[in-house]
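Report on the structure given below.
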Amino acid sequence: MKLLLLFLVISTLICLSSCASLHENLSKKELEEAVRAKIDSRKYRIDLTPQAFTGEEGTNLYIPEYFQVCGDSIISCMIYDNPFPGSFPPKNYIQHMRSVKYEILDYKQTETRRGRIIVSFGYKIKYDEYDPYVLAKYKDRLVPLHYRLEFGKTPRVRVIQQNGYMVFGTLSL
């Protein structure tokens, strides 16, 4: 009798663990489908990992950045959209950040053999600083920026800027 009861308890535990893993796989599949649907809709927002600025007193200020793709335009709220004088953002800078809307020039979406989705696009930003090289090259002060986004099966995104600088972000679902 005790052996039968032990067998029943063990089989119930095995059944519960296999059902739990089946449910976990199902949620991963749903997550992957949600990520793919967001990217295909061309209406998504990516929140980037905040950059840290260290002041003279050793205090750190983390600047939140994001950009949102909306069809053929991008709404950007980045450091270069909100320039600040000096080497450290002024007090209450984060509360007064503003977003800027740009037109996307060349949006391209491809898929790798492993199922990763690669999105690349560019847009032109208004350059407000004085750099003779940039001003000579771009007389209209519109400087092109290019991004490459690498999506996997999770909301985690690898964002590579044109100069090779890589940051990570999170796709809002």
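Before moving on, here are some points about what is shown:
- Pair list, Cβ under 8 Å, 6 or more apart: region 128-148 residue closer than 23 Å to ILE74 by Cβ, other residue of a type in the set (Val, Ile, Thr) and modelled with pLDDT under 75: VAL143/VAL134
Here's the yes/no breakdown for (1) farther than 20 Å from GLU103 by Cβ; (2) over 13 Å from the mean Cα position of the chain (by Cα):
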position: TYR123; (1), (2): no, yes
position: LYS126; (1), (2): no, yes
position: LEU135; (1), (2): yes, yes
position: TYR138; (1), (2): no, yes
position: LEU142; (1), (2): no, yes
position: TYR147; (1), (2): no, no
position: PRO155; (1), (2): yes, no
position: VAL167; (1), (2): yes, no
position: LEU173; (1), (2): yes, no
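- Single residue of region 68-81 satisfying the filter (within 17 Å of GLN95 (Cα to Cα) and out of contact with any Asp or Glu (no Cβ under 8 Å at 6 or more places or on another chain)) that is most open to solvent (accessible area, probe 1.4 Å): TYR80
- Residues that are surrounded by 12 or more Cβ atoms within 10 Å (Cβ to Cβ) and either farther than 13 Å from GLY169 by Cβ or at pLDDT below 75 (or both) within region 56-67 comprise LEU61, ILE63, listed in sequence order.
- Inspection of region 121-140 identifies no residue that is at pLDDT 90 or above and either surrounded by fewer than 15 Cβ atoms within 10 Å (Cβ to Cβ) or within 20 Å of PRO64 (Cα to Cα) (or both).
The values are calculated or read from the model by the stated rules, or taken from the named source; none is laboratory data. Bear in mind the structure is a predicted one, so any value in this text is a computation, not a measurement. Cβ atoms come from the backbone with ideal geometry, glycine included; neighbour counts cover every protein chain shown. For the accessible areas, the whole protein counts, side chains as well, though only heavy atoms, and no ligand, DNA or RNA atoms are used. Shrake-Rupley method; radii C 1.70, N 1.55, O 1.52, S 1.80 Å.
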